[in-house]
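Here's the structure we're looking at; comments come further down.
The values are calculated or read from the model by the stated rules, or taken from the named source; none is laboratory data. Owing to the predicted nature of the structure, the values given are computational and were not obtained by experimental measurement. As a convention, Cβ positions derive from the backbone with ideal geometry for all residues, glycine included, and neighbour counts pool all protein chains shown. SASA here: full protein model, heavy atoms, side chains in, ligands and nucleic acids out. Shrake-Rupley method; radii C 1.70, N 1.55, O 1.52, S 1.80 Å.
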Amino acid sequence: MAWRFKASKYKNAAPIVPKAEACVREISVGSYQTYGNNIAASAAFMAFNWEHSGSSVAVLPLDDCGRKSKTMPLLHGHTDTVTDLKFSPFHDGLLATASQDCLVKIWHIPEKGLEQSLSDPEAVFSHKQRRVETIGFHPTADGLMYSTAAGCVALFDIAAQKEIFSNNEHPEVIQSASWREDGTVLATSCKDKCVRIFDPRAAGSPIQMLAESHQSITDSRVVWLGNQTRILTTGFDAARLRQVIIRDIRNFNVPVKTLELDCSTGILMPLFDADTNMLFLAGKGDTTINYLEITDKDPYLIEGLRHTGEQTKGACLVPKRALKVMEAEVNRVLQLTSNMVIPIMYQVPRKTYRDFHADLYPETTGYRTDLVASEWLNGTNQAVPKMSLDPAKREHGDEPIVPRLGPKPFSSNTGDVSFDKVFAVPVAPGSHENISNVGQENCSDVPAPGAKPDLIVEIEIQKSHEREPSVAGNGNGNGVQKSLTTSERRKSSADDDESSDKIFEQNSESSGNSTEGEDRTDADLRRFSAVRSSIAERRRVYESRSKSQVDDKAQSPVPLRRESSKVEPLKPSQQLSGNSNVMPASGIDSKRISVPEGKLMEEHRQRGNGAGLKKSATEAAFSAASTKRTSTVFGKVSKFRHLKGTPGHKSTHIENLRNLSRQIPGECNGFHANHERVAVPLSGPGGKIAIFELSRPGRLPDGVIPSLVNGSNIMDFQWDPFDAQRLAVACDDGIVKLWRIEEGGLSEPTNTPQGELTAHLDKIYFIRFHPLAADVLLTASYDMTIKLWDLRTMTEKCALTGHTDQIFDFAWSPCGKLGASVCKDGKIRVYNPRQSETPVREGNGPVGTRGARITWALEGHYIVCTGFDKVSERQISVYNAQKLTAPLNTASLDVSPSILIPYYDEDSSTLFVTGKGDSTIYCYEITDEEPYICPLSHHRCSSLHQGLSFLTKNHCDVASVEFSKAYRLTNTTIEPLSFTVPRIKSELFQDDLFPPTRITWSATLSAEDWFACNDKIAAKVSLKPEGMDTLSSKQQVPALAKKPDHSNFGSKSEYESNKQQEIQKSVSARMEYTTKLEQDEMEGVDENEWQE
C-alpha cells in the first residue's frame, strides 16, 4: 500500500474541552504586545501573565481548577510586562521570566505551589538596557539558558550565574528562537524577514545559514521539528496572509512547503510534539486552534480536527509525562483566554481504555541529564535518555510521574550532592544527614570527583563564599549585605536574640541531627559559620535558609495585610511607655508580603513581652482597620454584591424614537436626563435637540418631533443640576446656548434660546456645571484652555492652562473645590481653579488616545479614570488623588471602540460604566483597600443602548430598596432602569444601604460666594420615608460573642432559629390553606353494602 494511503494513528485525535468547573476561571489577563506565548507549563505547574500590565506572573498547579481570587499569591518580580516565560525541561519547579524591564529572572516554585507572593528570584541576569524578547532552556544541558534582546543572542550558565556567550550579528529584533532536539544548533527568525541557523560554538561567525522568510515584519515564529533536519516557521506574507513554511537545512534557501491560510492580525503560535509529529497552530486573538500532522513527504501537512471555542490570548503544550496515558490522551493544549485557562485534551478514539496503547506512545525524552553548561560549551554533545510512558514500566506504576521540583527540600543521607540524590522528590524534609565525616575545611569548595554538582547547589556555594569574609569579621552577622528571601523576612521580624541563643545551644548539642527543627534565619546561621565548612553543611544551611514558610490556611477568607502593617497601625500612645525594648520599625522590611490578619494577631500576642505591645491595643488597631469598606475577596461580602438591574414596565417607556444623531463627539455622553425630562440629539442640519417629558410616556406620534434648533453642530449639552428647566448646549462655533423649557415641554420647534455665551473662538469639547454652586459653568475648548463662567453676569471668572493636547474630560470633586482632567497627552491633572491656573498635581493617565473619562470617588480621596491601553483594550484605573504617579489598580474589560462612561454613586461606592453601543452595564465597588476595584453583578440589557443618564438620589424608591435610578436610551426607546438590592425585610427602611446623602439637587451656595472662596459643606438628608421603621431598630441584637462550643458544632443559634421562624410565619401568612380533605366531599358507601 502506498504510504500516502496509510492511515495515521493520530488522524482522528479529537479535542475534548472540559466543563467550566474543570477550568481555571475568573483570572485577569490582558492583551500584551510580546513575542512570547504568555503561558508556559511543566509537569507540575502552569504559569501565565497576570492582570492588565502583565508585570506579575500567576503560578498554579497543573491540575488546578475553579475560581481564582484577585489576591492569590503571584510572582512580583518585574516592573514592566513579562514578555516570555519558560519552565526548565529538567526541573518542573524552575521558571525563567523575561521582561521589558531588561531583566531575566530565575524562580524556584515550592512543591506545593505558591502559598504567598514572591518577589525575590534565585538569580537575575541583565540585558543592559535592552528589552528582553524571548527566553528558553537548552534541551540537553542542565543549567544552560538562552535569551534574546533586540538583535542579541545570549547564553547564560545559571549555576555560575554568568553570561557565557553573546552575539549581536542580527540586524533587527529577534522574534523567535528554537533549539534542535539534540541541542547542537539554534534557529532564529528576525524582523529583517530572514531565518537563520545559529551555532554558538562555531569558530568565527555563529550564523551558519541564512534565508529569506516571510515578507512581513509584523511577527514570525520558528520551531525545530524535533531532531529532523527541518524547521517550521509561521508569519505573514506581503499581502498580510498568514503563512506556514517548512524548510530543510540541506537546501535552506528553497522552502519544502508553503501553506497560505487566512488574513488575520494574530500570529500563529506553533506548538509541535516531536513524538507524534502533531502540530497545533493557535492564533493570538483567534477562536480556533488548528491541528495538523507533519509528514516526511508530500503533502507534508495533513489537517486534522479543528477546535473552536474562546478567544486565544496564549497557548502551550503540556509535557508528555503529565498526560493521562490510560485515557489515550496524546497531547494537551493549555489555552489562555481573557478570564480562563482551558486544558484541551487531544484523545485518540479507541474501543477500550482499560489497557495501555503502546502504539500511541513511543519513548519520549526523559527529564534527567548528566550534561552541564560548561561541558556543552566545550563541545560535548550528549542526548537525553529516553523514558517510557507505560505505567507497567514505571517505578510507581499507574501513579503520575513524580514531578521534579528542584532543590527544595534537600534530602540526602550523605554529603554527596550528586544530581539523583539532591533531586529525589518527594522525600521527607527532615531526613537525617550524617555530616560529621564528610568534608574538611580545606576541601569544602571542591565537589567529589565525578559528581555533578547541581546548578542551584553551586549557586548557594558561591553565595556562601561571598558571605564568609564578612562573617568571619563580624560574628553577629551585622553589616552583611544580602538579599533576604520572603521567608527570611517574616522570620527575622519575629525572632529575637533570646530565641537565637536557644537555637545556638540546640545546634551545639546535636550537630548531626536532622534539619527538621526550627527554621533559622541568616543572622542566626552566620553566628556559627566557622564550623560550616563542608558541602553538606552548606547544603543544610541553604535548606534552613530557603525552606518555604507555609501559613496555616484559615477556615474562611481573611483580610490580608502588608508586612509593614504589623507595626504601623500602632501609635506611640498605644505602646507601653515603661518598656525600653520596643522593636524599632526599621527592623521590618516594607516589601509587599501578604500575611493573614489572624496570623499577625497571634504574632503580636506572642511578642507582647519582648516588643512591648499591648494586647488590647493590637486588637483595637486591627478592629479599627477591619471597619474599612472591603469586598468579597477580603472575606467580607459587599452589600451590593448581588445588585439587580430591572427595566421599567413597558407603560413607562417612551417609544417610537427616530432620527437619533450618530454624529455626536466622543467627549459628549449623547444623552442627558433629569427627573422631569430628557434631552436627545437628533440627526440632520441645524443641531437639533429633542426634549421629551417623562410625565408623558408612551408611543410618540409620527411626524415632526418638537426640538431646540441651535443652528450649529452640537458638541455637548447638560441640564442644570439645580434647575430642571434650564439646558446648556455647546456648539462648534464656540457659543454656549442656554435654553429654558416651559412647563409642559416643547410643543413646536424653537430657535430662540434664553441666552448665549460666547465662550471660545474655537470648538468646545464639553461643558460641566458646578456640583454645589449655582450658575457656575465650565467650558473646555480646542484651544486647550478651560474657562469658568458666572452665568448670572455672563462673564469669565478664571481660565485653566497646562494642557498640551485634546482635553477628554473634566470632573469636579465632591467638595467642589478641586477639579481633575484627563488629556490626550496621557496625563491626569488636578486643579484648584480659584488658587492657580496651572495644575497642582499631575500624573500618568491612560496611554490610549481614543478617549477617556474621569470621576472622583470615596469622598474625593481617589480618582477613577476610564480609557484605553496601547492595544485599544478598555480599562478602568483607580488613583490616589494625592499621588498620581501610577494607578493603584487597573481592571481590563474588552476591546471595543466605544469610550466607557462612568457614573459613581458615592453612598454605595458603586461605579457604573458602559459605552455607546454596549449592551452591558458593568458594576464595580471602589474600595480604599486592595484591589480597589471589586466587580459586582453586571447588568446585561436586552438590546444595545446609545446612552445612560442617572438621576439624583432623592428620586430613588427607597421603599423598594432602589439605591440608583437611570434612564437608558436605545435606538427607538427611552427606558427607566432601576438598580435594587435583594432584601427579605423590604418593608423596613434599609438604613445600612441608605446613609444620609448629600443634597446635590439644590444649590449649596451661590456663584458669588464660590468665586469669593466662601465655601460651604453640602447638607445631608435622610432618605427614610415617613412611617417606615428602620431595619436596625427591628433587628435582634445577638448576644455578645462567646467562645465557640465545639461540642455543639452545627447547632443553630437562637438568633438564627428566631429568624427562621419569622420567615416561616411570613410565608404562611401569604398562603391560603384549608383543613378539609378531598375525600370529605365524596359520597361514601352505605354500611349495609359492606356487610353484604
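Restricting the stretch 784-825 to chymotrypsin sites (Phe, Trp or Tyr not before Pro) that sit in a DSSP loop and have at most 15 other Cβ atoms within 10 Å of their own Cβ leaves nothing. Could you please state how large a percent of the accessible area of the stretch 151-263 is carbon and sulfur, counting protein chains only and using a 1.4 Å probe? Looking at the stretch 151-263 in its full context, I get 47 percent from C and S. For ILE1017 and CYS263, the difference between the fully extended length at 0.36 nm per residue and the C-alpha to C-alpha distance is 265.4 nm.
Inverting the mean 1/r over all pairs of different Cα atoms, compute the Kirkwood radius of the stretch 850-1003 and quote it in Å. Let's see the in-between values first.
On the way: mean 1/r = 0.0604 Å⁻¹.
Radius from the Kirkwood sum: 16.5 Å.
Taking all protein chains into account, the per residue accessible area for the stretch 244-312 stands at 44 Å² (1.4 Å probe).
Of the trypsin sites (Lys or Arg not before Pro) in the stretch 727-816, the ones in a loop by DSSP (not H, G, I, E or B) with at most 15 other beta carbons within 10 Å are ARG792.
Just the accessible area per residue of the stretch 639-715, please: how many Å² with a 1.4 Å probe?
Values: 3620 Å² over 77 residues.
I get 47 Å² per residue for this part.
Shown in residue order for the stretch 157-165 are the 3J(HN,Hα) couplings computed by the Karplus curve 6.51 cos²θ - 1.76 cosθ + 1.60 at θ = phi - 60°: 8, 5, 5, 8, 6, 8, 7, 10, 7 Hz (x for Gly and Pro).
Surface exposure of the stretch 744-812, expressed per residue as accessible area with a 1.4 Å probe, stands at 40 Å².
Give the distance, in whole Å, between the Cα centre of the stretch 918-992 and the Cα centre of the stretch 302-323. Each part's Cα centre sits 40 Å from the other's. For the stretch 167-236, a crude dipole built from +1 on the beta carbon of Lys and Arg and -1 on the beta carbon of Asp and Glu, taken about the Cα centre, is about 100 debye to the nearest 20.
State the three equivalent ellipsoid semi-axes of the stretch 1-140, derived from the C-alpha gyration tensor as the square roots of 5 times its eigenvalues, in descending order and whole Å. Don't skip to the answer; put the middle values down first.
Numbers: eigenvalues 178, 86, 46 Å².
Ellipsoid semi-axes (Å, largest first): 30, 21, 15.
Could you tell me which GluC sites (Glu not before Pro) in the stretch 813-864 are loop residues by DSSP with no more than 10 other beta carbons within 10 angstrom of their beta carbon? Walk me through the numbers on the way to the answer.
Details: sites: GLU837, GLU842, GLU859; in loops: GLU837, GLU859.
Passing both the DSSP loop test and the Cβ count: no residue.
By how many nm would the segment from ARG658 to LYS1059 lengthen if fully extended, with 0.36 nm per residue of separation less the alpha-carbon distance?
Values: separation 401, 0.36 × 401 = 144.36 nm, distance 5.25 nm.
Net length gain for the segment: 139.1 nm.
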